Amino acid sequence: MKAIGWIAVRVILEIVRDRRTLAFFFLVPVLVMSLVYLALFKDETARVAVVARGAARLFVYDLERALEQEKDVVVVPVDIPDDVRDPKLIQADIEDALRKGQADGVLYFEESLLADRFSGKRGTLHLYLEGSRPTLTGLVASAVGDASDDLAASLPVVIDSDCSAKCANSVNVKPLQIDKHYLYGSEDYRLIDFFLPVLLPFFVFFLTFILSNIAFQRERVRGTLERLLIAPLSLPQVVLGYMLGFLLFSIPQAAIVLVYLLALIGFPVSVAQVGDLCVITLLMLLIALLLGLLVSFAARNEFQAVQFIPLVILPQVFFSDMIWSIDRFAWPFRWFAMLLPLTHANIATRDVMLKHQHLWQTWPNLLALLAMFVAALLLLAWVGRRHRDMLG
Amino acid sequence: MIEIEHVRKAYRGRPALHDLSLHIPEGRIFGLLGPNGAGKTTLLRLIMGVLQPDAGRIRLFDGLAPGSPAATRQIGYMPQQLALYEGLTVRENVRFFGHMYGLDGAVLDARTTEVLERVELSERQESLSGTLSGGMMRRAMLASALVHQPRLLILDEPTAGVDPLLRLRFWDWFRRLASEGITLLVTTHHISEASRGDEVLFLREGSILEQGRPDELIRRYGAADLEAAFVQATRRAVPGDDASRTANGDPGGGDPPGGNPSTGQVPSGGVPA
């Protein structure tokens, strides 16, 4: 029994004397949880705008008040000039506002709404939805449904010709008809369809990072890296060889994830979209490889190399637009999110898969990924040179 | 073969080698002895061009600078660690290191076969390195250090953890290599086996304590063997210094930052027989 106690003491002593392990062990969970709390302590809210023309403007105030009563919804303005009256132009402007991210949904009152109600029709509200985020779409649709019921109660009563007096005095409030228009996706669009696409860059990043981190660490610890550097080879040559090997190994892995993803996804995907995804995936592969190599230089042994995994992976899970929209974060966390490669890969992947954008349309994210690749390469060259100077 | 003139090296202000000058002729077995921190590894790394001296000059193979491609192609290196790829077979390991030195095709095949025969590993050449015993791994490492036919072979504790019989076999191979004109630079904690070399250098705290033929050194100190000569040389250099201090204490010399974490060996340099 005493031996068990001594083993425990030995384990604790070793951990306590390795300051980095100690810091990782206690600080990483607290750090990540603090970041998540600070970034997300406010619930996600959907932004709804209301656009009306003609006499329908009369109802805007009531509707906006009704919407503001709804939980997790805020009313925001959108930039559509008053003098635009052609419904087609208004529709184009609304879609443009949604595309720019000014709102998650826009409710449009046609000029004829009041006249329609007076003439006994139900009247139609047009709800334009951005549609790429199922949770926000659900919040908007639910809030607008409730608010329109309140509005219908204040509108002129519509009584069918076959409605009796009793009917007119009781359930005489006909609900407004809400026509939904989706900028991206459709009513059939599932929550899982929102998450599935970003699992591709996530798995590619996660697995490649771990593989390159641990494998290069082993190369250092067992002395084979030293042997390679004593051969007529430069560190960049060794690193490039490593990258090529991992790349050829990781590409089939990424292909398997992609094929399975396409099988699970609930909407058709074009060949061009798959090609675009391959470009994003390749960039993520390269960045993950370089980060893995960088971290392996920072760690003194395989134990420490493993400790870097949660530090690199967890923030990218929580802050990369994967689960929560980074638009809702306070600005410091938004900036932090923009420093993470997975953020850009996720946004670009959703742009391609869910918004049917071409790769060039998501160029800021591609540019960010390219810049991160170059930065990681330069950093690796610097760290590698420093390591060589301190070899041993 | 190796000319070292007034070389100094320090790590963050801590001196590792003091004004060291040395000439190592071709085709000799040159033993580097000293306790941990004496500066042996630093000296080897300076010769291999991995480190640069703070002052002084090193020239290899008639005027080549250490680290230059022409110089590194002529150096074979066997580190202290069991530096093999465990997922590759013995033959694949040797071939891999041959590729690193630009060898290929039939030439590489022939040389791989030759060096594996030399270290008597032909029968296990298709075994995964990870399945070999420590002694076999050391033989495979020697083979992979020889595959590109180096002129200078640097062996850092080549017989660490090797049984006495195999250790003798190693020294037979070293002797044969030297007779073929290869220069061998060997560090070892087994001082008795260093007496099999042609010349020995005692290092302590980054300075040369003694240098000469093993039999000359034994005679010079009137000692029974090289180990006793080393102890006496150490005591003479540092009056009052006892053997236990040399053996167990780090005298503050010069392994690079990080040292040699893999060895964990207690130097046998000061332990009297």
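We did not get these values from a lab; they are worked out from the coordinates using the rules stated. Remember, it's a predicted structure, so these values are computed and weren't measured experimentally. Because the Cβ atoms are built from the backbone with ideal geometry, glycine has one as well, and the counts that use them run over all protein chains shown.
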Rh_Kirkwood(segment B:20-66) over Cα pairs, Å, one decimal, evaluates to 11.9
How big is the C-alpha Rg of segment A:12-113 next to the rule-of-thumb value 2.2 N^0.38 Å, as a ratio?
1.88
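Rg over Rh of segment A:280-392, using C-alpha atoms and the Kirkwood radius, what does it come to?
Dividing the radius of gyration by the Kirkwood radius yields 1.03.
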If only Cα atoms are counted, what is the Rg of chain A, and what is its Dmax, in Å?
28.0, 99
Compute the relative contact order of chain A as a whole-number percentage, counting only Cα pairs closer than 8 Å that sit 6 or more residues apart in sequence.
16
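Mean separation of Cα pairs under 8 Å and 6+ residues apart, divided by the residue count of segment B:104-242: what relative contact order is that in percent?
About 15 percent, as a whole number.
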What does the charge count near residue B:168 come to, summing +1 for each Lys or Arg and -1 for each Asp or Glu among other residues with Cβ under 14 Å from its Cβ?
+3
In a Gaussian network model of chain A with springs linking alpha carbons closer than 10 Å, the residue among A:150, A:179, A:18 that fluctuates most is A:18
Quick one: P(r) of chain B from all Cα-Cα pairs, 10 Å bins, percents rounded to integers, in order of increasing distance.
7, 30, 36, 21, 6, 0, 0
What does the helix-only formula give at 222 nm for chain A: each DSSP H stretch with n ≥ 4 adding -39500 (n - 2.57), the total divided by the residues, and the result rounded to the nearest 500 deg cm²/dmol?
-22000 deg cm²/dmol
Using a Gaussian network model on chain A with a 10 Å cutoff between Cα atoms, which of A:210, A:230, A:326 fluctuates the most?
A:230
Under 8 Å for C-alpha pairs, at least 6 residues apart: give me the relative contact order for chain B, rounded to a whole percent.
28
Cα-based Kirkwood hydrodynamic radius, the protein assembly as shown, one decimal, Å:
30.6
Using only the C-alpha atoms of segment B:55-103, find the volume of their convex hull and express it per residue in Å³.
103
Tally Lys and Arg at +1 and Asp and Glu at -1 over the other residues with C-beta under 12 Å from the C-beta of residue A:300: what net charge comes out?
+1
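Dividing the Cα radius of gyration by the Kirkwood radius, what Rg/Rh value follows for segment B:125-227?
Rounded to two decimals, Rg/Rh equals 1.01.
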Within 10 Å of the Cβ of an average residue in B:77-85, the count of other chain Cβ atoms is 5
Compactness of segment A:308-356 - radius of gyration and Dmax, Cα, Å
10.9, 36
Taking only DSSP H segments of four or more residues, each worth -39500 (n - 2.57), what value at 222 nm results for chain B once the sum is divided by all its residues, to the nearest 500 deg cm²/dmol?
-10000 deg cm²/dmol
Just want the ordering: A:121, A:100, from fewest to most Cβ atoms lying within 10 Å of their own Cβ.
A:100, A:121
Could you give the angle, 0 to 90 degrees to the nearest 10, between helix A:87-99's Cα long axis and the longest principal axis of the Cα atoms of chain A?
20
Counting just the Cα atoms, what span does segment B:47-205 cover along each of its three principal axes? Round to the nearest Å and put the largest first.
46, 37, 28
May I ask for the angle, rounded to the nearest 10°, between helix B:134-146 and the longest principal axis of chain B, with both axes built from Cα atoms and the value confined to 0 to 90°?
80
